[in-house]
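Comments concern the structure below.
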Amino acid sequence: MSSPRSAVPTAAAVPSPSAPVTGGSATSSAAPTVAELMDFVRGAARDEALIASLPLDPEGRTWIRLDGPGGSEAWLIGWPPRTGTGWHDHADSFGAFTTVAGALREHSLAVRLPTDGWKTLELTDEVDRSRNLATGQGRAFGQNHVHEVLNESEVAHAVSVHAYYPPLPRIRRFSRTGAVLRLEQTESPEDWQ
């Protein structure tokens with residue numbers, strides 16, 4: 001999670017969405033698979049009462065923390081027009097997300113970065129990927145997946161559901177100038193919860 005300008009307090013977590021989660025992962029203590037996380041975010045996206053409970057702020061992202069399957073971390077996020085995350089990864093967590101309303105664009109890098117011990121990295125040609133995720137579309141990703149997610153609309157909010165396992169131990173934030181990627185900071189859960 002990046003630090004939004006406004007947020008819904010997370011003191012009382014919202015229960016899991018009422019839509020069924022396949023594979024029984026919502027009640028199992030076993031670690032969820034990427035497919036189960038994808039099923040969860042799709043199920044949450046169909047929960048109209050949950051989606052309607054998210055207040056939308058015209059200037060900053062808002063969120064509600066959800067109970068994800070198998071001890072995963074999950075979030076319902078509102079994106080005002082022209083907002084985004086900046087370049088980041090989720091460290092050792094894998095995950096999935098889906099667009100509930102509006103559209104999001106994801107830019108990602110098709111490269112596995114070193115996990116620690118570097119500050120600047122020169123990227124090679126052809127590592128950039130970009131995809132549009134319209135309402136109902138989502139994607140799963142593996143560990144150390146570097147990306148940025150944007151609502152490029154000039155006028156419309158976007159809403160999405162995200163799930164990560166294991167719960168996010170840290171998020172690394174990057175800046176990018178051309179082919180140069182720089183590690184700017186590492187955040188821990190207390191920075192975004």
Give just the number: which of (1) assigned to a loop (DSSP other than H, G, I, E, B); (2) open to solvent by less than 50 Å² (accessible area, probe 1.4 Å) does Pro114 not satisfy? (2)
Have a look at Leu66, Leu104, Leu54, Leu37 and point out the one that is under 22 Å from Trp192 (Cα atoms), open to solvent by less than 10 Å² (accessible area, probe 1.4 Å) and out of contact with any Pro (no Cβ under 9 Å at 6 or more places or on another chain). Leu104
Just checking, which of Asn151, Asn132, Asn144 is in contact (Cβ under 8 Å) with a residue 40 or more places away in the chain, polar (S, T, N, Q) and under 27 Å from Leu54 (Cα atoms)? Asn151
Options Gly95, Gly136; residue that is open to solvent by 40 Å² or more (accessible area, probe 1.4 Å), more than 20 Å from Arg176 (Cβ to Cβ) and either outside any strand (DSSP E or B) or not basic (Lys, Arg) (or both): Gly136
Kindly indicate whether any position in segment 118-131 is open to solvent by less than 60 Å² (accessible area, probe 1.4 Å) and on the phi > 0 side of the Ramachandran plot. no
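The values are calculated or read from the model by the stated rules, or taken from the named source; none is laboratory data. Quick caveat, the model's predicted, so the values are computed rather than measured. When we count neighbours, we look across all protein chains shown, and the Cβ atoms used for this are built from the backbone with ideal geometry, even at glycine. When the accessible area is computed, the model is the full protein with side chains, heavy atoms only, and any ligands, DNA or RNA have been set aside. Shrake-Rupley method; radii C 1.70, N 1.55, O 1.52, S 1.80 Å.
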